[in-house]
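Report on the structure given below.
The values are calculated or read from the model by the stated rules, or taken from the named source; none is laboratory data. These numbers come from a predicted model, not from an experiment. All Cβ positions, glycine included, derive from the backbone under ideal geometry; neighbour counts span all protein chains shown. Just the protein is used for accessible areas: all its heavy atoms, side chains included, with ligands, DNA and RNA removed. Shrake-Rupley method; radii C 1.70, N 1.55, O 1.52, S 1.80 Å.
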Amino acid sequence: MTSTVPASLTRTAEGSALQAVLLDMDGTLVDTEGLWWDVEAEVFADLGHRLDEAWRDVVVGGPMTRSAGYLIEVTGAGIAIEELTVLLNDRFEKRIGRGVPLMPGAARLLAELAAHEVPTALVSASHRRIIDRVLDSLGPQHFALTVAGDEVARTKPHPEPYLTAAAGFGADPSRCAVVEDTATGVAAAEAAGCRVVAVPSVAAIAPAPGRAVVSSLEQVDLAFLRGLVADE
């Protein structure tokens, strides 16, 4: 986990129940879910295996160890998870070397949160080396804290990543708004006790108590997030 400000310096707009905003990365802020699948398909093609498109919904949003383990199991590829994760990270890092496209509404939302000094964290199942590269496109100045999948003992769908981020701000998880694009990430955030807005990228996500579902990040602004937390 990296943090640019101590928790004692975090501030929330006066009169708002919202204490922090915790944002997923792949498929939420940057349009990379398709890139990850392309990389997985390329690496397995090199290993002599073709991925079935139906497997995409299984691996999307999950930690790399789970995704890699699942793909090894279903393809029967003769490679260890540790070796495969290195190949996937290497290939993906090369793919995004010139930057990654932001999701519609991402730049506007990050700018709004910064303008109102809302404590904002990036919480991803991706490894630190990938997060740091993607931050070049997102702007590291937008995040007071970042949590990578290889920096926690249990990553999504376990609540630890979101509990870690909330603790880093000294925030109550129930007063944190999370933005996620996959069922795996939503499960992690809700298990942590956070309020969630889902912006599905690949597979559909159903609305539920304490969870809002929208079709685009362009529908999410600070007022929306404050309303999500206030509606308890």
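What's the center-to-center distance, using Cα atoms, between the range 13-64 and the range 74-118 in Å?
Using only Cα atoms to place each centre, the spacing works out to 7 Å.
For A167 and A107, compute 0.36 nm times the residue count separating them, minus their Cα-Cα distance, and round to one decimal in nm.
Between A167 and A107, full extension yields an extra 19.0 nm.
Around G105, under 11 Å between beta carbons, what's the net of Lys plus Arg minus Asp minus Glu among the other residues?
So the surrounding residues net to -2.
Put a dot 7 Å past each Cα toward the Cβ at V213 and K94; how far apart are the dots in nm?
3.8
Based on alpha-carbon atoms only, what is the radius of gyration of the range 142-191 relative to the globular estimate 2.2 N^0.38 Å?
Expressed relative to 2.2 N^0.38 Å, the Cα Rg reads 1.05.
Any idea what the alpha-carbon Rg over 2.2 N^0.38 Å comes to for the range 176-232?
My calculation over the Cα atoms of the range 176-232 gives 1.00.
Please list the non-local residues whose amide H lies under 5 Å from the amide H of L22, H modeled 1.01 Å from N, same-chain partners needing a gap of 5 or more.
Here the answer is A121, A177, V178, V179, since their amide H atoms fall under 5 Å of that of L22.
In nm, to one decimal, how far is the R128 label point from the E151 one, both placed 7 Å along Cα→Cβ?
In this crude label model, R128 to E151 measures out at 0.7 nm.
From the mean inverse distance of alpha carbon pairs (Kirkwood) and the Cα radius of gyration, derive Rg over Rh for the range 127-232.
In the range 127-232, Rg relative to Rh is 0.94.
Just want the answer: with Cβ charges of +1 for Lys and Arg and -1 for Asp and Glu, which residue in L71, L47, W37 is farthest toward the dipole's positive end in the range 34-81?
L71
Considering all projection directions equally, how large on average is the shadow of the alpha-carbon convex hull of the range 54-174, in square nanometres?
Quarter of the Cα hull surface area: 8.8 nm².
Can you give me the accessible area per residue for the range 1-155, using a 1.4 Å probe, in Å²?
Solvent-accessible surface per residue comes out at 46 Å².
Give me the one-decimal nm value for the distance between modelled label points at D221 and D52, 7 Å along each residue's Cα-to-Cβ direction.
Here the modelled spin labels are 4.5 nm apart.
When the helices in the chain are scored as -39500 (n - 2.57) per DSSP H run of 4 or longer and the sum is shared across all residues, what 222 nm value do you end up with, to the nearest 500 deg cm²/dmol?
After summing the helix terms and dividing by residue count, I get -12000 deg cm²/dmol.
Pulled fully out, how much extra length does the chain show between A80 and H116, if you take 0.36 nm times their separation in residues and subtract their Cα-Cα distance?
Stretched out fully, the A80 to H116 stretch lengthens by 8.3 nm.
Helix 64-75 sits at what angle to the longest principal axis of the chain, using alpha carbons and giving 0 to 90 degrees rounded to 10?
Around 30 degrees separate the two axes.
Relative to the Cα centre, what is the charge dipole magnitude of the chain, using +1 at the beta carbon of each Lys and Arg, -1 at the beta carbon of each Asp and Glu, and rounding to the nearest 20 debye?
It works out to roughly 340 debye.
How big is the Cα convex hull of the chain in projection, averaged over all directions, in nm²?
Mean projected area of the Cα convex hull: 11.6 nm².
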